[in-house]
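Here the structure comes first, spelled out in structure tokens, and everything after it is commentary.
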Amino acid sequence: MIKSLPLIVAVIAVTFGFATVVMAKEPKQGSEIKNSVGMRLVYTPPGKFTMGSPESEQGRESQESQHEVELTKGFYLGTHEVTVGQFRQFVRDAKYQTDGQRDGKGGWGVNEVGSIEMNGKYTWKSPGFKQTDDHPVVLVSWNDAKAFCRWLSEKEKKRYRLPSEAEWEFACRGATKTAYTFGNDPQQLPAFANVGDRPAAKPKDGYHQTAPVGQFKRNAFGLYDMHGNVWEWCEDRYVPNSYTPEKQTQDSDLCPDADVGATNACWGRKC
Ligand SMILES: [Ca+2]
Ligand SMILES: [Ca+2]
């Protein structure tokens with residue numbers, strides 16, 4: 001499957017671990033909750049699916065070998081990318097500085113002529129283009145995303161974490177087997193997602209940079225912007241050729257916090 005086509009960098013999708021919450025019965029697929037910072041989360045039930053892409057798929061990467069995955073636990077996933085306004089609540093309450101602010105290196109932002117460049121002046125508060133509180137937060141590292149989850153977990157006394165890549169792909173597919181949730185034709189993308197545009201061209205999807213979250217159709221599982229707008233972070237570390245033909249389960253490839261530091265490969269604010 002073609003993953004999220006990015007404009008710039010990563011953002012947070014939060015998985016709310018169902019296993020940690022005492023409930024009388026399993027929620028229905030698609031049932032939603034709203035949390036204390038205004039995030040909506042939708043329940044995704046356990047299930048099996050084929051992860052990866054067929055060799056014939058346009059844009060497929062060599063490591064995307066298809067293999068069966070069984071997710072043994074249901075989970076709640078944020079219906080939208082985490083917004084600037086939601087991230088600001090975390091920053092203010094925790095007095096948090098992102099990796100890019102702490103080391104002064106910033107991140108990849110948009111300069112005066114519309115090109116992407118790495119510069120210390122670009123942070124989640126100033127990516128080089130205008131964002132309102134309803135836009136997805138950008139220029140956050142994996143560490144920043146993890147810190148947001150820890151803060152939210154402590155605040156609500158519930159377990160928040162990033163989704164595994166398998167959970168993300170299962171949720172993104174929404175039971176489809178095509179390259180995109182709407183089919184296989186990339187020409188249709190601007191009707192379904194905010195994708196990257198050439199700086200001088202009028203964007204077919206209406207947005208040169210990020211769009212406010214939820215402006216395009218949601219997928220069958222009730223999730224918005226899984227294609228396009230910004231990338232989402234996953235919990236797992238990226239390892240080339242890590243897909244195996246053997247059956248995998250939900251938690252098999254999650255890495256512990258201590259394995260990943262500020263200098264991991266995702267430092268450029270993308271993975
Ligand atoms: Ca666009
Ligand atoms: Ca996205």
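Computed from the coordinates by the stated procedures, all read-outs in this text should not be read as laboratory data. On a predicted model such as this, the values are computed, not experimentally measured, just so you know. Note that each Cβ is placed from the backbone with ideal geometry, even for glycine, and that neighbours are counted across all protein chains shown.
Only loop residues by DSSP count here, and only those with at most 15 other Cβ atoms within 10 Å; note down the GluC sites (Glu not before Pro) in segment 84-166 that meet that. Don't jump to the answer; show the numbers that get you there.
Working: sites: 112, 117, 154, 156, 165; in loops: 112.
Hits after loop and neighbour filter: 112.
Put simply, the amide H of residue 75, placed in the peptide plane, has neighbours under 5 Å in 44, leaving out anything fewer than 5 places away on its chain. Taking other Cβ atoms within 10 Å as a rough exposure proxy, 57, 169 sort from fewest to most as 57, 169. Multiplying the residue separation of residue 184 and residue 204 by 0.36 nm and removing their Cα-Cα distance gives an extension gain of 5.4 nm.
Annotation: amide H-H contacts under 5 Å for residue 162 (H modelled 1.01 Å from N, sequence separation of 5 or more, or interchain): 15. A cut-off of 5 Å between modelled amide H atoms, ignoring neighbours fewer than 5 places along the same chain, links residue 107 with 119, 122. Fewest-first ordering of 160, 96, 180 by other beta carbons within 10 Å of each residue's beta carbon gives 96, 180, 160. With R₀ fixed at 25 Å, the C-beta to C-beta distance from residue 58 to residue 217 puts the FRET efficiency at about 0.70.
Please go through the residue pairs 73/130; 48/217; 105/157 and name each one whose alpha carbons sit more than 28 Å apart in this structure. As for pairs spanning more than 28 Å Cα to Cα, those are 73/130; 105/157.
Rounded to the nearest Hz, the phi-derived 3J(HN,Hα) couplings of segment 217-228 under the Karplus curve 6.51 cos²θ - 1.76 cosθ + 1.60 (θ = phi - 60°) are 4, 7, 8, 5, 8, x, 10, 9, 6, 5, 9, x, where x marks glycine and proline.
Each residue of segment 122-138 was assigned a 3J(HN,Hα) from its phi angle through the Karplus curve 6.51 cos²θ - 1.76 cosθ + 1.60 (θ = phi - 60°); the sequence is 9, 9, 4, 8, 8, x, x, 8, 6, 9, 9, 5, 8, 7, x, 6, 10 Hz, with glycine and proline shown as x. By other beta-carbon atoms within 10 Å, ranking 69, 137, 37 with the fewest at the front produces 37, 69, 137.
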